[in-house]
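This report concerns only the one structure given below.
The values are calculated or read from the model by the stated rules, or taken from the named source; none is laboratory data. These numbers were taken from a predicted model, which means no experiment stands behind them. Here the Cβ is made from the backbone with ideal geometry for all residues, glycine too, and neighbour counts use every protein chain on show.
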Amino acid sequence: MVTVLHTTLPAEPLSARQARRFVTSALSELGLPELTDTALILVSELVTNAVLHARSEVTLTVVRTSGGLRMEVGDQSSLAPSVRRYSAEAATGRGLVLVESLADAWGSDIGPSGKTVWFELAPAVA
């Protein structure tokens, strides 16, 4: 069974905090609380990137799939995200490196009204 929850956030810095609250609630509702810590780190990075770079409203979608969790962050920019490597002293630029490191899968889709950056997490198998 697939369950989808979504919200829309304004293009402002507080949207990352609102996204974290939404994700915490959604993962509890969906029975995936063990994924919360990692999901919060990743969604914070993606929402912050959307607010800083796209400067548009952000849509956040949480999808509970048979394999785990898929989260999507959409904005109105058609500029594809790219992973960049920065020096250890750089103050920014590590968001997508975190996504690449912590997510089981991730990517982006470009459409006529903008892009969606997504990641997937699978629950740990006991």
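I need the full set of residues from the range 96-126 which are of a type in the set (A, V, I, L, M) and not in a helix (DSSP H, G or I), in order please. The answer is ALA103, ALA105, ILE110, VAL117, LEU121, ALA122, ALA124, VAL125, ALA126.
Of LEU40, LEU60, LEU46, LEU5, which residue is modelled with pLDDT of 90 or more, closer than 21 Å to PRO123 by Cβ, out of contact with any Leu (no Cβ under 7 Å at 6 or more places or on another chain) and outside any helix (DSSP H, G or I)? So that I can check it myself, show each step before the final result.
Values: LEU40 fails: outside any helix (DSSP H, G or I); LEU60 fails: out of contact with any Leu (no Cβ under 7 Å at 6 or more places or on another chain); LEU46 fails: outside any helix (DSSP H, G or I).
After ruling out the rest, the residue left standing is LEU5.
Please verify whether the range 9-18 includes one or more residues that are in contact with a Lys or Arg (Cβ under 8 Å, 6 or more places away or on another chain) and either assigned to a loop (DSSP other than H, G, I, E, B) or under 15 Å from LEU98 (Cα atoms) (or both). Step through it out loud before you land on a result.
Pass one, the range 9-18, residues in contact with a Lys or Arg (Cβ under 8 Å, 6 or more places away or on another chain): 11.
Checking which are either assigned to a loop (DSSP other than H, G, I, E, B) or under 15 Å from LEU98 (Cα atoms) (or both) leaves us with 11.
Taking every residue of the range 9-18 in turn, at least one turns out to be in contact with a Lys or Arg (Cβ under 8 Å, 6 or more places away or on another chain) and either assigned to a loop (DSSP other than H, G, I, E, B) or under 15 Å from LEU98 (Cα atoms) (or both).
Among the residues of this structure, VAL99 counts as one that is touching a Leu at 6+ places or on another chain (Cβ under 8 Å), at pLDDT below 95, buried (at least 20 other Cβ atoms within 10 Å of the Cβ) and among the β-branched types (Val, Ile, Thr). Taking the conditions (1) charged (D, E, K, R); (2) modelled with pLDDT under 95; (3) in contact with a strand residue (DSSP E or B) (Cβ under 8 Å, 6 or more places away or on another chain) in turn, ARG85 satisfies each one other than (3).
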